[in-house]
Number of protein chains: 4
Amino acid sequence: MIGIAVVGAGRIGQIHAANIHRHPAANLKYIVDISDRAAQDLATKCNCSVGTIEEVLGDTSINAVAIASSTDTHAALIAAAARAGKAIFCEKPLDLDVTTAKESLQIVAKHKVMLSLGFNRRHDPSFDRLKQEIGHGTVGDVEVISITSRDPSPPPADYVGRSGGLFRDMMIHDFDMGRWLLGEEPIEVFATASVLIDEEIGKAGDVDTAVAVLRTASGRLCQITNSRRCSYGYDQRIEVFGSTGMVQAVNQREAQVEAADASGFHRDPAQPFFLERYADAYRLQIDKFLSAVAGNSVDLPTGEDGLRALQIADAAQSSSEQGAAIALSD
Amino acid sequence: MIGIAVVGAGRIGQIHAANIHRHPAANLKYIVDISDRAAQDLATKCNCSVGTIEEVLGDTSINAVAIASSTDTHAALIAAAARAGKAIFCEKPLDLDVTTAKESLQIVAKHKVMLSLGFNRRHDPSFDRLKQEIGHGTVGDVEVISITSRDPSPPPADYVGRSGGLFRDMMIHDFDMGRWLLGEEPIEVFATASVLIDEEIGKAGDVDTAVAVLRTASGRLCQITNSRRCSYGYDQRIEVFGSTGMVQAVNQREAQVEAADASGFHRDPAQPFFLERYADAYRLQIDKFLSAVAGNSVDLPTGEDGLRALQIADAAQSSSEQGAAIALSD
Amino acid sequence: MIGIAVVGAGRIGQIHAANIHRHPAANLKYIVDISDRAAQDLATKCNCSVGTIEEVLGDTSINAVAIASSTDTHAALIAAAARAGKAIFCEKPLDLDVTTAKESLQIVAKHKVMLSLGFNRRHDPSFDRLKQEIGHGTVGDVEVISITSRDPSPPPADYVGRSGGLFRDMMIHDFDMGRWLLGEEPIEVFATASVLIDEEIGKAGDVDTAVAVLRTASGRLCQITNSRRCSYGYDQRIEVFGSTGMVQAVNQREAQVEAADASGFHRDPAQPFFLERYADAYRLQIDKFLSAVAGNSVDLPTGEDGLRALQIADAAQSSSEQGAAIALSD
Amino acid sequence: MIGIAVVGAGRIGQIHAANIHRHPAANLKYIVDISDRAAQDLATKCNCSVGTIEEVLGDTSINAVAIASSTDTHAALIAAAARAGKAIFCEKPLDLDVTTAKESLQIVAKHKVMLSLGFNRRHDPSFDRLKQEIGHGTVGDVEVISITSRDPSPPPADYVGRSGGLFRDMMIHDFDMGRWLLGEEPIEVFATASVLIDEEIGKAGDVDTAVAVLRTASGRLCQITNSRRCSYGYDQRIEVFGSTGMVQAVNQREAQVEAADASGFHRDPAQPFFLERYADAYRLQIDKFLSAVAGNSVDLPTGEDGLRALQIADAAQSSSEQGAAIALSD
């Protein structure tokens, strides 16, 4: 049994705790949160204890920590967990600052602990299938990837202010997916963005609508479109076009039902948001992390992946401000 | 050039006249109709003459006649055209009476003229594709065929009275499709029917909703569902299930467009009725008939096919009255 | 907490045990099976005890039993459980003999215990959605229902011999779905069947391909097609056609992915079989049963539903032998 | 009747000639081509004369000319036709040089003749439907348009050399569609391009794979992806995303048939190329042009539209060379 603690009892922490609680190979021992109330509520649901980060890191039966607290705590928690020799699962992003993120990775490397970043979409069965199909040669050489990613509704303006902006908070997922599927490191990014949905987002210094293009050394391209508001649900689609074929992952619905009447044929909206759309991905993500902690060889997004996506996000932000493609440094 | 006349200037006659008029190998010379006005209007559109049936049959430059007049005139017109040595295209049904239909076929046989029945659906590109796929072995041995055929709205009650009833007027198309796709002659039919849409249809002695099952000697089955009213357009679908696969022809729309909003994803209704849905089929039907008149070997529905479908329709009518499957005589 | 025992540690018993084990309101205490080994294996997985039926029924902390043993044991187990005052969940069919089934229901009625039949498809989210849409008036008055139900591959010949035949073993699910969705009791059934897949099935006195038609007093119709073999997966579709619209539940796939290449566009086969296709239905079925045991008002298939479906299956069997529609007695 | 001549008897000229020949309001009098043989073959098919451009322009019964000759002849032919007072339909592009294109428009303006550019896609029923849906408010405010446009196979290298390059030859269609659907003039374009398909195209100084982003003053965005090779047919899709909804036009197939077997569900590739995909668009384009010549008010792409698309193409070419967004001059 793997002893594990969850740090952060918010929306994402609750998902991770539930998935760990149900896992036959895991022993969820602690919930840690700055709010005693939130920690206690989640601990009760998962039949475990409330603890402090010191208790968790000092408990030799704890093999791993899952960090789902606010972004500004990630770096310190990673450093502390690494020093305590615990395997680390951390929600994205590592940090909003590249220098801090690099320091985290150095500490992790020094203490030789595993760090996996929460790029949950890599574990989505449909997106994972795209990756497999590429591997099987279904599309031949990958040439152009198109990623559509639209949230159902914009976040509150106060969240926007501390989110790091659309590129670091939202499109970072798509940068990771692009990197993962392109099969080559992007060397350049162009981005352009608008405030079309909510003026408050603009006042907070952010954008709500954006398009970006990644380019690799051999000329492979990846186009990404993001919107903070989508009337028909959480729009999550990826298309991979190559020399001999194309594969695409389409939107998903709760029920596989179609209705027809005098106005035509009707299907449900896409699933409402990430909790529903990526429920399987969150579960598989924890399964794989626990399998890796148990010593198995598992393909997981690393801290390096987290850093790279953050660097692309920074460059995309600059590109959108400068109106020119930005080269990505090594 | 093939000299040809169209008998009947109603809705179907107009389609045939237009398709013949545009055909490079045909010379449409006459329109014949009991209404001078209707004949003249159509003749003007097609740049040809109004004629009597005697003029048409006496004109040695006329090679063929296309009969689209009312059902009760078919037998006499076929007999007259056969005696005059003209190739004959005739709308379904041959006649509402099997004995009369058989006599027509005998006269046709005696005078050795070609007779093709207007089972237009055999020429629909999607249904024709099903036939081809069966031939290519896509489904292996055919086992069960499912035919859905629903009109957008019920015919006027006075039409119902002289139509011969749903089985002879509407489901006769599906009996022909079933025979054509089963690859074996049905030996038995069961049918059951209801008046669910329009009580006037019931008062006229007919039904508006029906289900039938055909069975061949080797046990292949074909299920058919008909309705005289369908809210979402002209519902025309066929599915062929076999030992190694399945092929299905789905409904068609005018524009290939999908819209999404907060209530979901929406596509247009099916095409409104047969004029739109089978426009290509009507055109290809005339193309093939003219090609056959020109001496080419072409697979066309014959008078025998028309008789056989009528016999199944009669048996289905009896079955629906008796509540038992009816054996089909040879 | 509801104390519960699972009787039968086979494929279906294992599903139920897993769903009960995970349920927060249930305390799975015993596994009962004629095979000690099977019972012990499942009890270990579910962290509970192996017991005899006597132990289970004598344990006052047991509120309910879930019966998933072989069909020939259902009646005796139901009777014993009823006499012990336990709530009963029982897999379909009640019994292969209508008289025995009726006796079971009488005993259940006498002892005033709850009995719910395992018609799992009623709990499938897509089929349940059809029922809801009918309730919401989406299709207006129900007129014609079409049910397609095809197993991926035929059962072993020895299973066929003791299964009661296709109508009682397989189509019984569709008879229940038809009754449930028609909104009126069928008064007549016609069926016709063939041996097209496996001659061994024919030698065992059964059929492998069948079509049936149900009819209600007001003339509503339900057509059903069954096959014991389907190349493209477990084909489970239902279409409900009514006066103002149509709703259909389509097949489901594991990944929502489409690939394209020079030969066209390709999607996965349907899910392989009932374990995958109805995983949610099995879970929701147990949820609802436990909720009902806890005293909530829940819409569950009853013992009466099980009897009625069996009576239709018997009549369908007779119909297929006699070639005539069979009236269903009250 | 509108007297009309077709200049250019190549692939596109043949389509226009056939559509004009069949049109009831048009009198196709001349075919003009530098090849006597090609002109004569087409004139024979269309039952008209071969003529020189001088004959055509000097014939007072000629109201209009349709120019489908090679791009380098467009400017001179437009000028000559304008001076002769003929209405002009001209294939895109006006010219590969913006200065020459502007001069053409000045001559057209001076002689007050109608000039319509052959942006055939505006007349495609599905794309036209997108425009209508935007007009009806289906999507609310347009925010992001995504255009996918992929040819089935790359053109010969010698064609590439004189084509003006992918942006002026191929993506120019998409720039026009973007302008037409955005509802606002783009003020900036970014493009990036690669040689991934055929090195010969690279040697000829062109690219075969490209992505572009248009941006309007209010921040609306349009992303475009082009490829010169597509395994699954002629990939032509457009998606319009807005504040309250989304509409998309999907690929089209010849037959509406789906097959299933053990490997899954299969549909045909997209239609092979523009002759099939845009057959309706070519026909409707001529219908509308002839209607405009007859004095009706018709919404047709103008010479100005042709100039604007060319200017965007030039800017996209520059952008792809400079790695920066290029502002579009008025």
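Quick note: the coordinates plus some simple rules give every number you see, no bench work behind them. Keep in mind that what you see is a predicted model, and the values were worked out from it rather than measured. Here the Cβ positions follow ideal geometry from the backbone for every residue, glycine too, while neighbour counts run over all protein chains shown.
Would you kindly work out, in nm and rounded to one decimal, the distances from the label point of A:L275 to those of the same position in each other copy, ordered shortest first, with label points 7 Å along Cα-to-Cβ?
3.2, 5.3, 5.7
Where does each of C:D158, C:D174, D:D33 land when they are ranked from fewest to most other beta-carbon atoms within 10 angstrom?
C:D158, D:D33, C:D174
Relative contact order of chain A, please, whole-number percent, based on alpha carbon pairs below 8 angstrom and at least 6 residues apart. Each step should come with its number before you reach the end.
On the way: 666 pairs, mean separation 63.9, N = 330.
Taking the mean separation of contacting Cα pairs over the length of chain A, I get 19 percent.
With a ≥ b ≥ c the root eigenvalues of the C-alpha gyration tensor of the range A:1-45, is it rounded (a/c under 1.5), prolate (a/b larger than b/c) or oblate?
Prolate shape, in that a/c is at least 1.5 and a/b is the bigger ratio.
Run the simple label-point estimate for D:K112 and D:V250 please: 7 Å along Cα→C-beta, distance reported in nm.
For D:K112 paired with D:V250, the spin-label model returns 5.0 nm.
Residues of B:227-237, mean number of Cβ from any other protein chain within 10 Å of their own Cβ, rounded to a whole number?
Whole-number average of other-chain Cβ neighbours for B:227-237 is 4.
Against the empirical 2.2 N^0.38 Å scaling, what ratio does the C-alpha Rg of the range B:172-245 come to?
Ratio of Cα Rg to 2.2 N^0.38 Å: 1.27.
I need the fraction of alpha carbon pairs in chain D separated by more than 24 Å, rounded to a whole percent. It would help to have the intermediate numbers written out before the result.
Details: 30829 of 54285 pairs.
Counting every Cα pair in chain D, those more than 24 Å apart make up 57 percent.
What list of ³J(HN,Hα) values in whole Hz, one per residue of the range C:254-259 in order, does the Karplus curve 6.51 cos²θ - 1.76 cosθ + 1.60 (θ = phi - 60°) give from phi, with Gly and Pro shown as x?
Taking θ as phi minus 60°, the curve returns 6, 10, 8, 10, 10, 10 Hz for the range C:254-259.
Please give the FRET efficiency for D:K102 paired with D:K45, using the beta carbon to beta carbon distance and R0 = 35 Å, rounded to the nearest 0.05. Write out the running numbers ahead of the final one.
On the way: r = 37 Å, r/R0 = 1.05.
Plugging the Cβ-Cβ distance into 1/(1 + (r/R0)^6) gives 0.45.
Report D for the range D:23-97 in µm² per second (integer): Stokes-Einstein, Kirkwood Rh on Cα pairs, 20 °C, 1.002 mPa s.
On the way: Rh = 12.9 Å.
Once the numbers are plugged in, D ends up at 166 µm²/s.
Identify the residue of chain D whose Cβ lies closest to the rotation axis that maps chain D onto chain C, and give that distance in whole Å.
Minimum Cβ distance to the axis, with residue: D:H266, 3.
Can you list the copy-to-copy distances for A:R83, using a point 7 angstrom from Cα toward Cβ, in nanometres, shortest first?
7.1, 8.8, 11.3
Between the range D:218-244 and the range D:152-179, how many Å separate their Cα centres?
Taking the Cα centre of each part, the range D:218-244 and the range D:152-179 sit 15 Å apart.
Over the range B:208-330, what portion of Cα pair distances is larger than 25 Å, expressed as a whole percent?
Everything past 25 Å amounts to 49 percent.
Treating the protein assembly as shown as a set of equal point scatterers at the Cα positions, no solvent, please give the Debye-formula log₁₀ I(q)/I(0) at q = 0.04, 0.07 Å⁻¹.
-0.29, -0.88
For the range A:121-216, what number results from the quotient of the Cα radius of gyration and 2.2 N^0.38 Å?
1.24
How many nm is it between the label spots at D:A262 and B:R83, if each spot is 7 Å from the Cα in line with the beta carbon?
Result for the modelled spin labels: 6.2 nm.
Out of all DSSP beta bridges in chain B, what portion is antiparallel? Express it as a percent rounded to 5.
That works out to approximately 55 percent antiparallel.
Rounded to the nearest 0.05, what FRET efficiency do A:E54 and A:A76 have when you use their Cβ-Cβ distance and R0 = 22 Å?
Plugging the Cβ-Cβ distance into 1/(1 + (r/R0)^6) gives 0.95.
So what's the back-of-envelope 222 nm ellipticity for chain C, counting only DSSP H runs of four-plus at -39500 (n - 2.57) apiece and dividing by all residues, rounded to 500?
Theoretical 222 nm ellipticity from helices: -11500 deg cm²/dmol.
How high is the FRET efficiency from A:D36 to C:V298, r the C-beta distance, R0 41 Å, rounded to 0.05?
So, using R0 = 41 Å, E works out to roughly 0.60.
Rounded to whole Hz and in sequence order, give me ³J(HN,Hα) for the range A:70-83 from the Karplus expression 6.51 cos²θ - 1.76 cosθ + 1.60, θ = phi - 60°, writing x for Gly and Pro.
Running phi through 6.51 cos²θ - 1.76 cosθ + 1.60 with θ = phi - 60° gives 5, 3, 5, 9, 4, 4, 5, 5, 4, 4, 5, 5, 4, 4 Hz.
Placing one identical point scatterer on every Cα of the range D:68-138 and ignoring solvent, what is log10 I(q)/I(0) from the Debye formula at q = 0.23 Å⁻¹?
Calculated log10 I(q)/I(0) at the listed q: -0.90.
Just to confirm the numbers: C:G183, label point 7 angstrom along the Cα-Cβ line, distances to the other copies in nm, shortest first?
4.0, 4.1, 5.4
Could you sort the peptides D:314-326, B:205-217, C:77-89, D:99-111 by per-residue average Cβ neighbour count (10 Å cutoff), highest mean leading?
Numbers: D:314-326: 19.9, B:205-217: 23.3, C:77-89: 21.7, D:99-111: 16.7.
Listed from highest to lowest mean packing, they are B:205-217, C:77-89, D:314-326, D:99-111.
Using Cα atoms only, what is the angle between the long axis of helix D:36-45 and the major principal axis of chain D, expressed in degrees (0 to 90) to the nearest 10?
Here the helix axis deviates by roughly 90 degrees.
Beyond 21 Å between alpha-carbons counts as too far, so tell me which of B:K29/B:K102; D:K45/D:K86; C:K45/C:K288; A:K45/C:K86; B:K86/B:K110; D:K86/D:K131 fall in that bin.
Violating the 21 Å Cα-Cα cut-off are B:K29/B:K102; D:K45/D:K86; C:K45/C:K288; A:K45/C:K86; D:K86/D:K131.
By its C-alpha gyration tensor, with a ≥ b ≥ c as the square roots of the eigenvalues, how is the range B:142-295 shaped: rounded for a/c under 1.5, else prolate for a/b larger than b/c, else oblate?
Rounded shape, in that the Cα axes give a/c under 1.5.
Shielding of B:197-209 by partners, i.e. mean partner chain Cβ atoms within 10 Å per residue?
Neighbouring Cβ atoms belonging to other protein chains average 1 per residue here.
Run the Debye formula on the Cα coordinates of the range B:44-180, all scatterers equal and no solvent, and tell me log10 I(q)/I(0) at q = 0.11 1/Å.
Here log10 of I(q) over I(0) equals -0.55.
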